[in-house]
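Data first, discussion second: the structure below is written as C-alpha cells.
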Amino acid sequence: MTAIIKRELRALLTGVTGYIFCCFVLVFAGIYMNIINLKQGSANFEYVLGNMGFIFLIGIPLLTMRSLTEDRKQKTDTLLYSLPISMTQIVLGKYIAMLILMLMPIIIVGIYPLILSFFGNIYLPASYGTLLAFFLLGASLTAIGLFISSLTENQAVAGILCLLVGIVNYFLPTIAAYVSRTAFGGALPEFLEKISLFDRFYSFPNGVFDISNLVFYAVVALVFIYFTIQSMEKRRWS
Amino acid sequence: MIEVESLTKKYGENTAISDLTFSIDDGHIYGFLGPNGAGKSTTMNIITGCLAATHGSVRIDGYDIFESPLEAKSKIGYLPEQPPLYQDMTPREYLRFVAEAKKIGRDQISAAVDEVMSKTQITDVGDRLIKNLSKGYKQRVGIAQALLGNPSTIILDEPTVGLDPNQIIEIRALISELGKTHTIILSSHILSEVQAVCDRIMIISKGKMVANDTPEGLEKLFAGKTELSLSVKGSKDAVDGVLGSIDEISDFTSEEKDGITLVTAECANEVNAEERLFFAFADVRLPIIRMNAERASLEDIFIELTKSDTVEETADELDLAAEYGAAVEADAAAAAETAGEDMPVSDEEEGTEQ
C-alpha cells in the first residue's frame, strides 16, 4: 500500500493539481486571517476556518476527479489489478495519498494561530479543534469525491458531479429552510440539516467541540471508501 | 503450472469464452492463437485476476486466483495488450513502483530493477519520461514490469502489435531468451510469430479451445496430403503424360507458359513422390527447374480450425469442434485417426477448398 501512496502523491505533485489545491487553501486562509484577525482585530482564529468551508467545493473535485478515472484512461488499472495487492489497498492507498496532500496546507495554516498567540490572547484549543474538524470535513468530502470518480471514466464528468454534490450538500441547510416545516412531521427539514456535512462544521467555529460531528465525518468517509471498493470490484465482474 | 477449469465469461448476454479447460506446464512457450474477438484477452485477463469469471476456476501453482489472489498474482507477470505505463514517470521510477508493489525487499529493489532493465535493454532510456519513449521501448518497459519479482509464468498479450519489423525481431528474441527461464504464454493473431517463438500452440475460436498441441503435432494431425509445385521445362502435353504415369500423384493441374510448365500436384503424405518425379522426368529428359513440397502449414490449420467464424455454423458443429479439441489434447496420433472418422465436416471443408 505504501507503494500506491507514494505513487499517487508523486502524481499529485508532478502535475499542477496538488499545487493548485495547496495554493487555494493557503490563499484563502491568508485573506481571511488578514481580514478577521489582523484588520478586525478578532482573537478567534476559528472564524477564519469557519469562513473557509466553501473552498472544499472546488478543492475536493480538483483533488479527486483524477484519482480513479486517470488509471482507467491510461489503462494502468490492469497493472494495479494484476499486482499482488488487494482492491482495498489500492483504494485506501489513493485515499491516504490525497489526505496527506490535504494535510500539507493545513499544517501550514496550523502555524497561524501560534504566530497570532504571540500578539494577542488566542484560545488555541478552539483554533486547533476547528482545524481538526476542517480536516475531517475535507476527508469525508474526499471519500465522496473518490467514490464519484470510481463511477465514470471521464475526469470532467467526475469533477462536475463532485462539484454538484458538494454544492447541494453546502446549501442543504438553506434548502431545509424552504421545505415545509411540517413535512413528515418536520422530519424532512431536520434530516436535510443532519446530513449536511458543512452545517455540522459550523458548530466548531462557534466554540462547540461536538464529537458526534467528528464521528459523523469519519463514518461518512468509511462508508464511501467501502462504496468505492465495491464499485471497483463490480467493474471486474461486469 | 496453470490449471484452467471450465472457465466461462459472459458479458451480459454475450458469451466471451465458454467452458475453457486447459493446463499450462512449466518450461514452455505457449502461443495463444485465435482470430480477433475469440476471447484471448478475456482469458488472459481472467488468469491474471484483472477480470472475474462467470464461473470456472483458475489455479496458479496451486493457488486459486479468486480465493487467494495475492499468492496467485505474485506467481505471474502480466503485460496487457496496451502496456499499462504511467506516462509521467521514468522507466526507473515506474519499475521501482512496481517492484515495491510486488513486495520486493527494500534493499533488493535497486538490484532487481537494474536486472530487468538490462534484460530488456532499456538501461539507456531509464531516466527519460515514458511518454517520450517509442512504442518498442514502451513495450520493453511493459515486459520489464512483468519480469519483476521473478514470477514463474509471464503472460504477454499481443506483445508485438504496432512495432516495426526490427523491433518485432528484437522482442521475439527477448521472448525466446526469457522462455529459457520462465513459462511464457503469448497471445497473437500473427501465425508466423507463434510458429517462430512457441513450442506449444493453443488455438481458441469463438470462446472455445479448438486445439492444444505442439506445432509438429498440429501439422501431423492436419497433413493428409502434400502439395507439390514444380516447374518443368517442356510442353504441357509431355509433362501431363509423365505425371499421369506416376501412381503416387493423386491429382494435378498444369499450365504452360513460355515453354515452361507449372504443375501443382497432390500426393499422399507418406510416399516420397519427389524422388519418383525426379527420375520420371529425367528418363524423358525433361528438366525440373524447381520443385517444392508444401505440407499443411500452421496457417492452413488455423483457418481450418477457426473456419466456423466465417461459415454459418450450427451448434452441432461447435460441439464437434470442441470434441475435436479435446481429442487433440489427449493424443495427437489417436486424434488423427478419429479426425478422419468422426469429422466428416472437416473433410467436406477440405473438399470445397480444392
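The values are calculated or read from the model by the stated rules, or taken from the named source; none is laboratory data. Everything numeric in this text was worked out from a predicted model, so none of it was measured. Don't worry about glycine lacking a Cβ; one is built from the backbone with ideal geometry, like all the others, and counts go over all protein chains shown. Surface areas here come from the heavy atoms of the whole protein model, side chains and all, with no ligands, DNA or RNA. Shrake-Rupley method; radii C 1.70, N 1.55, O 1.52, S 1.80 Å.
What the table below lists for this structure:
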{"quantity": "Chain A: DSSP helices with Cα axial extent of at least 15 Å and average Kyte-Doolittle hydropathy no lower than 1.6", "calculated": "A:17-32, A:87-109, A:124-151, A:155-178"}
{"quantity": "Pairwise centroid distance, computed over Cα atoms, of the range B:34-93 with the range A:146-170, Å", "calculated": "30 Å"}
{"quantity": "Karplus (6.51, -1.76, 1.60) ³J(HN,Hα), θ = phi - 60°, over the range B:279-294, in Hz, Gly and Pro reported as x", "calculated": "6, 4, 6, 5, 4, 8, 6, 10, x, 8, 7, 8, 8, 9, 9, 10"}
{"quantity": "Estimated inter-spin distance, residue A:16 and residue B:284, nm [label 7 Å along Cα→Cβ]", "calculated": "8.4 nm"}
{"quantity": "Longest DSSP-loop-exposure-free segment, chymotrypsin sites (Phe, Trp or Tyr not before Pro), chain A, at most 12 other Cβ within 10 Å", "calculated": "A:120-238"}
{"quantity": "Residues of chain A: accessible area per residue with a 1.4 Å probe, Å²", "calculated": "45 Å²"}
{"quantity": "DSSP beta bridge pairing in the protein assembly as shown, given as percent antiparallel to the nearest 5", "calculated": "70 percent"}
{"quantity": "27 Å Cα-Cα reach of residue B:233 towards lysines, excluding residues that sit fewer than 8 places from it in its own chain", "calculated": "B:225, B:257"}
{"quantity": "Förster radius 51 Å - calculated FRET efficiency between residue B:103 and residue A:40 (Cβ-Cβ, nearest 0.05)", "calculated": "0.40"}
{"quantity": "Residues with amide H under 5 Å from that of residue B:209, placed H, sequence gap 5 or more", "calculated": "B:21"}
{"quantity": "Inter-label distance for residue A:215 and residue B:26, nm, one decimal - labels placed 7 Å from Cα along Cα-to-Cβ", "calculated": "5.5 nm"}
{"quantity": "For the range B:233-262 versus the range A:69-115, the gap between their alpha-carbon centres in whole angstrom", "calculated": "76 Å"}
